[in-house]
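The structure is given below, and queries will be raised subsequently.
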Amino acid sequence: MDPERKRMFTIPTSLRVVVAFLSNVLIAAIGPAVIESPFVRLVGLSDGAGVARRIGSLKADLLTITVALGLGYSVYRWWRPEAAKWIWLVGFLWFVYGAFLRMDGNHGAILWEASSTEFLDMLSAYRDFYNLNSFINWSEFTLPLLRTIFYSLGAFCCSRIGRYGPTSNRARSSEFR
């Protein structure tokens, strides 16, 4: 194939970067939920009240953090997309956006685990540890923050200590030639 024709079929670098970044954002935000779904019953929220439910939700957060870290590490190890190291910015900006939207205090807490229970306990016999607005905020803003940060951390760790990091086999084999 001649060079002119080859140039017609190549994807511009800027488009490749944007597609790689957006696909990594989708993988970081949705991937952990898909992978951890079979394990949710093992971690699940407790039927107890107060501290037991808080511990259950923290265990669920720990599961999503672990899965996102492993997923980021794996994706970087297989394909080495540099964009994977910067996905945390999207999660952080999304979280800040959600925090600014909820500053009035009428839409629940953005950090579900830290939400107040006294108001609900005084109002009804329902005595639910979390209110619905706080749960929605947590799932819309805090979970993506955790997933994107630890996805990027996994990619960063792989770039530094993984097979494709500074001590890769390719680098060592070239030293001994």
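Out of the residues in the stretch 33-67 that are surrounded by fewer than 17 Cβ atoms within 10 Å (Cβ to Cβ), hydroxyl-bearing (Ser, Thr, Tyr) and in a helix (DSSP H, G or I), which is modelled with the lowest pLDDT?
Here the residue is SER37.
Say we look at the stretch 122-142 and pick out the residues that are closer than 29 Å to PRO81 by Cβ and crowded, with 18+ Cβ neighbours inside 10 Å; which of these is modelled with the lowest pLDDT?
To start, the set of residues in the stretch 122-142 that are closer than 29 Å to PRO81 by Cβ comprises 138-142.
Add one more test, that the residue is crowded, with 18+ Cβ neighbours inside 10 Å, and what stays is 138, 141-142.
On the way: TRP138: 83, PHE141: 92, THR142: 91.
Step by step, filter the stretch 122-142, then rank; the result is TRP138.
Is one or more of the residues making up the stretch 143-151 buried (at least 18 other Cβ atoms within 10 Å of the Cβ), farther than 21 Å from ASN24 by Cα and at pLDDT 80 or above?
No, the stretch 143-151 has no match at all.
Can you tell me which of (1) crowded, with 19+ Cβ neighbours inside 10 Å; (2) modelled with pLDDT of 95 or more; (3) farther than 20 Å from VAL18 by Cα is the one GLY70 doesn't meet?
All conditions pass for GLY70, except number (1).
The values are calculated or read from the model by the stated rules, or taken from the named source; none is laboratory data. It should be emphasised that the depicted structure is a prediction, and the values quoted were computed from it without experimental measurement. Using ideal geometry, Cβ is built from the backbone for each residue, glycine included, and neighbour counts are taken over all protein chains shown.
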